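Below: one structure, written as structure tokens.
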Ligand SMILES: NC(=O)c1ccc[n+]([C@@H]2O[C@H](COP(=O)([O-])OP(=O)(O)OC[C@H]3O[C@@H](n4cnc5c(N)ncnc54)[C@H](OP(=O)(O)O)[C@@H]3O)[C@@H](O)[C@H]2O)c1
């Protein structure tokens, strides 16, 4: 199971489910897998007594209280995905069960959740080999809100604190809900919304509106920035003075990668659409190339220590690899593990993806002397703390283009999917 977890970047509960599923054909149907699915599936949690409370939200405990393993809220409003499909396939349900907290869990009262491409893809059926047995699902990865309750072993957060963070791509219960559960290391304190001070009795309270981070902006950061962080810090291990190329620097992951690399002392070049050129330069890239108008390999001078390819098509792969120094790292975000598992099932799909990856790694090591990777977002407490410091200092920001109330999730998905709004779209949770 540990191997499986490392191979495809699964979080622990899902790796357990998957492990049991993989064992399925070789043994009796796994009771463990069914038990895990039943426990994790939204709507499948809670005792009958809890369900009698359906529709009534219980108040979170007062500041400073430490909850036991039972969550302070037994049910809440959530956007459920009853089946896979288009933006119309979603139900806003008023009373979905909230499971008990495990010792390291934190219950977060959600204020804003940002929409990631993964949300749209999951809604359409991406990852169905894993998620289909768990329908109806709550999707969503990012969150910004307040701590409503903590598990018995949580030591770094207390009730009432403002936090932001993100769930792993394979987490079963998502964040499109009034309350979400994340583990302690998937959250960090949010920088203040405004710094409040007292300017005498005459003017009353005043606010310094510099480098403040409102909940909507905070929710746009974690999933994209953790994806960039894992590639740059854990895989390529970028260091001061190195050169990074970001292919697709205008999106959330691209912008996060630029800012993280600049903060680490790297010089960054990026490709992006014409509308993103100014922003990419303003966020610290030394060179921004419009990939719709210029030949990237001609426009970019010199070679790079690392390439982060957020587009991940054969053309960008070829370009990225050609622009790497020997020993450099090419990292793309569109690894084929989930799509092959969806197509051929987990038992064939995962080994097939591993074979393709190993073949590419050997091929490029031999032909170009470079390291080739598929990288995935992963929770990282150190990364989240760094994002808090950087955003507090005004050095990390993912611009939010539009916000919608969570009840308008269908509209929000439509505008994102049709690229009517190209940048970050955030759902506000009232
Ligand atoms: N492996 C993982 O764990 C992981 C995690 C997060 C994201 N991802 C993947 O990484 C990619 C980027 O995510 P994101 O959150 O940064 O998305 P995003 O904020 O929506 O940005 C995507 C950017 O890619 C460019 N783009 C989009 N569609 C394009 C197209 N058809 N042709 C060329 N360029 C296009 C656009 O840049 P311009 O505006 O400059 O044209 C766009 O801003 C997505 O494919 C996502 O699924 C993977």
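Run through every distinct alpha carbon pair of the stretch 225-333 and return the Kirkwood hydrodynamic radius in angstroms, one decimal place. Can you show the working numbers first?
Numbers: mean 1/r = 0.0762 Å⁻¹.
Kirkwood radius, the stretch 225-333: 13.1 Å.
If you wrap a convex hull around the Cα atoms of the stretch 292-430, how much volume per residue is inside, in Å³? Write out the running numbers ahead of the final one.
On the way: hull volume 27.2 nm³, N = 139.
Value for the stretch 292-430: 196 Å³ per residue.
How big, in percent, is the set of alpha carbon pairs in the stretch 238-297 lying more than 20 Å apart? Present the calculation step by step, with values, prior to reporting the outcome.
Values: 281 of 1770 pairs.
Tail fraction, whole percent: 16.
Given 20 °C and 1.002 mPa s, how large is the Stokes-Einstein diffusion coefficient of the stretch 112-193 in µm²/s, with Rh as the Kirkwood radius over Cα pairs? Don't jump to the answer; show the numbers that get you there.
Values: Rh = 13.5 Å.
In µm²/s, the coefficient rounds to 158.
Could you state the orientation-averaged shadow area of the convex hull built on the Cα atoms of the stretch 78-126, in nm² to one decimal?
In nm², the orientation-averaged hull projection of the stretch 78-126 is 4.6.
Can you give me the three principal axis dimensions of the stretch 311-376 from its C-alpha atoms, in Å, biggest first?
37, 23, 18
Just to be sure I understand the curve: with the Debye formula and one point per C-alpha of the stretch 348-430, what is log10 I(q)/I(0) at q = 0.13 Å⁻¹?
Log-scaled intensity ratios, in q order: -0.81.
Going by average Cβ density within 10 Å per residue, which order do the peptides 73-84, 322-333, 397-408 take, highest to lowest?
73-84, 322-333, 397-408
Jot down the radius of gyration and Dmax of the stretch 275-361, Cα atoms only, both in angstrom.
16.1, 46
Rule-based calculations on the coordinates, nothing more; no lab input. Given the structure is predicted, the values throughout are model-derived calculations rather than measurements. When we count neighbours, we look across all protein chains shown, and the Cβ atoms used for this are built from the backbone with ideal geometry, even at glycine.
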